[in-house]
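Below you'll find the structure, written out as C-alpha cells, and then a few comments.
The values are calculated or read from the model by the stated rules, or taken from the named source; none is laboratory data. Just so we're clear, the structure is a prediction, and the values are computed from it rather than from any experiment. Using ideal geometry, Cβ is built from the backbone for each residue, glycine included, and neighbour counts are taken over all protein chains shown. Heavy atoms of the whole protein, side chains included, go into the accessibility calculation; ligands, DNA and RNA do not. Shrake-Rupley method; radii C 1.70, N 1.55, O 1.52, S 1.80 Å.
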Amino acid sequence: MKAFLSKRAARAVERIDARWREHVDDRGVFAREFLETIELLETTRGLGSAFPTAKHSSLKRVLLRKSRCHRYFEIDDANDTIQILHVWDGRREHPPKL
C-alpha cells in the first residue's frame, strides 16, 4: 500500500514539525516518528482505531506516541492506497473537523 498526504495534512505536518524543531531538544523527533508511522501504515494491515465521521465513515486514526499527535487516514483497498487526511496535536481539547 502507498500512503498519500492531503494538502491539509501536509500543511499540518509542516506546522507541527516547525514547532517541534523550535521548542524541543531532540528537534527531529516528530519527523522521525511521522515517517516511521507512514512505513507502518504502508506495510501493516489493521493499524489504527476507527474514528468515523459524517463525511468519512471509514476514517481511522493512529497516535504518534512521542509527539502525542494523531494521524487521521482512510484506506482505499480498491486502489491499494492510504489517504492521510490530517495530523492533529492530541493534546488539543477537541479533535479536528473532518
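Considering 41, 47, the condition of being hydrophobic (A, V, I, L, M, F, W, C), outside any strand (DSSP E or B) and in contact with a helix residue (DSSP H, G or I) (Cβ under 7 Å, 6 or more places away or on another chain) is satisfied by 47 alone. How many residues does region 47-57 contain that are open to solvent by less than 60 Å² (accessible area, probe 1.4 Å) and more than 11 Å from the chain's Cα centre (by Cα)? Looking only at that region, the number is 4. Once region 1-41 is narrowed to residues that are open to solvent by less than 50 Å² (accessible area, probe 1.4 Å) and of a type outside the set (A, V, I, L, M, F, W, C), the residue that is modelled with the highest pLDDT is 6. Looking across region 75-98 at every residue that is crowded, with 17+ Cβ neighbours inside 10 Å and touching a helix residue (DSSP H, G or I) at 6+ places or on another chain (Cβ under 8 Å), the one that is farthest from residue 39 (Cα to Cα) is identified as 88.
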